[in-house]
């Protein structure tokens with residue numbers, strides 16, 4: 001029997017529920033995080049409530065996946081992880097991660113990202129994950145490097161911060177796993193189907 005996915009000694013990654021509404025509202029409306037997000041506008045509780053209720057939590061249907069990072073002992077939500085811009089034809093997705101400020105520097109980010117990578121490789125059959133990180137964000141750069149991502153490019157003046165453009169670094173992790181023919185067929189078939197857009201795009205969440 002293989003190891004359990006999406007959980008470790010300390011953390012559990014799970015689908016969002018309505019009880020997570022306040023935490024998601026707090027994260028999505030933290031303007032400090034907008035710098036590294038494609039979304040630059042606040043979200044209402046009503047819109048987030050719709051997102052939770054209508055999202056299928058199936059990355060093939062939604063082309064994105066959000067998972068709450070829950071501390072197993074206390075039951076507290078400490079952060080969120082995202083897979084978005086999912087390309088079934090190319091077996092890749094972009095990664096996003098936020099750990100709430102009071103829970104940082106406890107190793108939760110590395111633990112959650114490692115769980116997400118294992119799930120993407122072993123269950124979803126991904127070939128690669130990637131992330132854009134501000135080059136001057138040493139903590140984020142170290143996080144992705146520690147989780148097996150390689151820095152493969154620097155994008156000069158990629159992000160506007162106030163009146164200053166900042167460089168972004170592109171991190172990539174390749175998986176060697178060979179997917180089955182059945183999984184490969186599902187990837188291709190999903191690309192051919194027209195899917196309605198989710199209530200909120202993942203890169204804004």
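Summary of computed values
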quantity: Extension reserve of the residue 123-residue 54 stretch, reckoned as 0.36 nm per residue once the Cα distance is removed; calculated: 22.5 nm
quantity: Over the stretch 11-131, relative contact order from alpha-carbon pairs under 8 Å, at least 6 apart, %; calculated: 23
quantity: The stretch 127-180: relative contact order in percent, alpha carbon pairs under 8 Å with at least 6 residues between; calculated: 45
quantity: Potential lengthening between residue 72 and residue 164 on full extension [0.36 nm per residue; Cα-Cα distance subtracted]; calculated: 29.0 nm
quantity: Rough spin-label spacing in nm, given labels placed 7 Å along Cα→Cβ, for residue 105 and residue 22; calculated: 2.6
quantity: Viscosity 0.890 mPa s, temperature 25 °C, Stokes-Einstein D of the stretch 11-131 from Kirkwood C-alpha radius, µm²/s; calculated: 164
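No value in this document is a laboratory result; all are computed from the given coordinates. Fair warning: this is a prediction, and the values are worked out from it, not measured in the lab. Note that we place each Cβ from the backbone using ideal geometry, even for glycine, and neighbour counts take in every protein chain shown.
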